[in-house]
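The values are calculated or read from the model by the stated rules, or taken from the named source; none is laboratory data. Fair warning: this is a prediction, and the values are worked out from it, not measured in the lab. Cβ sites come from the backbone with ideal geometry, for glycine too, and all protein chains shown count toward neighbours.
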Amino acid sequence: MRFGATPLSEAEGGILAHSLRLEGRRLAKGKYLTSEDIADLGAAGFSTVVVAFPDEGDVGEDVAAQGLAEAIVAGQNATGLRLTTAHTGRVNLIAEGPGVLVVDREKVNQINGIDAGVTLATLAPMTRVSKGLLAGTVKMIPYAVPGDALAEAVEIAPGALRVAPVITRRAGLILTEVPGQKKTLNDKGLKAILQRCEALGIALDDVRVVPHGTDRIAEALSVITGEIVMILTGSATSDSRDTAPAAVRRAGGKVHRFGMPVDPGNLLFLGQLGDKRHVIGLPGCARSPALNGADWVLERVACGMPPSDRDFAEMGVGGLLKEIPIRPQPREVSRKG
C-alpha cells in the first residue's frame, strides 16, 4: 500500500488518511476521494492531501476484517459468538450467552504473527462471559492489507476462539453449622453463591443446612438434587481427609483434587458423585462476592469442562488475585526497621 502526501491532481480514488473539515462539510478519514471531494479540497486551498492507495492484491480494511471474523465463527452455532458489521477495519465478536471463553493461543499467535496489519485480540482464556460481552476484536491496522496475508490468517482462523456455553441448569448447596456459629455466616454464603449461580443462568433450587459432621453431610449428599452440588462448611477444610471430603467418600463419591494454586481460594476440593454429578467443596472466601478460585472452578464445571490436575496447576500463573486489606491475616506482613 502506498501512503503519503499526494497532489490533488493524483488523489482521486485514494483513501483519505486524516479527517478534514471544509466549509459546510467534513471529509472523514477512510473515505475514498471522489472528483467532487477533490474539487472541494481545491476550492478550500489544498494543493496536496495525505492518502493511501492499495497495491494490486491488497484488500480493503472492512472487507478484510469481515472476512477474518467470519472465518473465526465458521459454523457459528458452535462458537457462541456473533459479529458486528465491519467499520473502520474493525469487527467485534460478541458473546451470545453465558459461558467461558475458550481461546486457542497457538492459532491467535499465528494470526497475529503473519502481518502487523492483521490483528486479533481476545479476552484472557477461560474468562467468564455473559450475553452481549465483547469477547474478541478483529482489527486491520492500515487501510488495506496484503491479500496473501489475509488468506493465510483466514485459513488458520476457524476455532481460534469460541464460547463454551453453560450446560448446567440446576445446582444444590449444602451449608454446615458448627456450635456457636452466627446465623449471618450462612446467610452471607448463600447470598454470594446465589449471585454466582444467577450470573451463569443456573437455578440454585436445593439448599440444605446441616450440622458440621461427616455423617450429616453424607446424608445430605444422598438426597440433594442438582447437576452440581456445592458444600460450604462452617469450619474450613484443611485436608483431603477432613470432614467434607470424607463425607463425599462416605456417600459413595470420589475426591479428585484438594487444594489449588489460587489465592484467595486455596482450600477448595473437587469431587464427584456417580458418573456425572460434580461436587465442589467451596473455600471460606466463597462467602464474598469478590473473585476467588471457586469462581474459576464453578464456571468450568458449569460449562462441562471440569479442570484436570494440569488445569489446576496452570491456574497458578495469574492466580494471585487482588489483596483485600481488611483480611484478618494479610498475606503481606509489614516489617518495621
- Task: Go over the candidates Gly189, Gly226 one by one and state the one that is assigned by TED's automatic domain parsing to the domain that holds Cys285, at pLDDT 95 or above and in a helix (DSSP H, G or I).
- Result: Gly189
- Note on the structure: Of the listed residues (Ala69, Ala17, Ala74), the one being touching a residue at least 12 places away in the same chain (Cβ under 8 Å), under 24 Å from Leu93 (Cβ atoms) and surrounded by 13 or more Cβ atoms within 10 Å (Cβ to Cβ) is Ala69
- In segment 140-154, which residues are surrounded by fewer than 19 Cβ atoms within 10 Å (Cβ to Cβ) and either touching a helix residue (DSSP H, G or I) at 6+ places or on another chain (Cβ under 8 Å) or free of Cβ contacts under 8 Å to residues at least 12 places away in the same chain (or both)? Ala151
- Report whether or not Gly274 is at pLDDT below 95 and closer than 27 Å to Arg170 by Cβ. yes
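Criterion first (more than 23 Å from Ala95 (Cα to Cα), assigned by TED's automatic domain parsing to the domain that holds Pro289, among the basic types (Lys, Arg) and surrounded by 13 or more Cβ atoms within 10 Å (Cβ to Cβ)) does Arg196 satisfy it?
Against the criterion (more than 23 Å from Ala95 (Cα to Cα), assigned by TED's automatic domain parsing to the domain that holds Pro289, among the basic types (Lys, Arg) and surrounded by 13 or more Cβ atoms within 10 Å (Cβ to Cβ)), Arg196 does not qualify.
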- Task: Would you mind telling me which numbered condition in (1) closer than 15 Å to Glu70 by Cβ; (2) in contact (Cβ under 8 Å) with a residue 12 or more places away in the chain Gly132 fails?
- Result: (1)
- Conditions (1) modelled with pLDDT of 95 or more; (2) aliphatic (A, V, I, L, M); (3) over 17 Å from the mean Cα position of the chain (by Cα) -> Ala74 fails only (1)
- Query: So which pairs qualify, if the first residue must be in segment 36-65 and within 25 Å of His87 (Cβ to Cβ) and touching a residue at least 12 places away in the same chain (Cβ under 8 Å), the second must be part of a helix (DSSP H, G or I) and among the small types (Gly, Ala, Ser), the Cβ gap must be under 7 Å, and the two must be at least 6 apart or on different chains?
  - Reply: Gly57/Gly147; Asp58/Gly147; Val59/Gly147
- Task: Answer yes or no as to whether Val102 is in a strand (DSSP E or B), among the aliphatic types (A, V, I, L, M), farther than 23 Å from Pro146 by Cα and over 20 Å from the mean Cα position of the chain (by Cα).
- Result: no
- Message: Pull out all pairs, ordered by first then second residue, where Cβ-Cβ is under 9 Å, the residues are six or more apart or on different chains, the first lies in segment 282-307 and is in the same structural domain as Leu267 (by TED's automatic domain parsing) and under 13 Å from Leu232 (Cβ atoms), and the second is in a helix (DSSP H, G or I) and among the polar types (S, T, N, Q).
- Response: Arg287/Asn186
- Item | Answer from Leu232, Leu204, Leu221 - the residue that is under 22 Å from Pro165 (Cα atoms), of a type in the set (A, V, I, L, M, F, W, C) and either surrounded by 16 or more Cβ atoms within 10 Å (Cβ to Cβ) or touching a residue at least 40 places away in the same chain (Cβ under 8 Å) (or both) | Leu204
- Being within 27 Å of Gly80 (Cβ to Cβ) and assigned by TED's automatic domain parsing to the domain that holds Ile280 narrows it down to one of Ile174, Ile202, so name that one. Ile202
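Might you let me know whether segment 40-53 holds any residue that is part of a helix (DSSP H, G or I) and out of contact with any helix residue (DSSP H, G or I) (no Cβ under 8 Å at 6 or more places or on another chain)?
The answer is yes; a qualifying residue exists.
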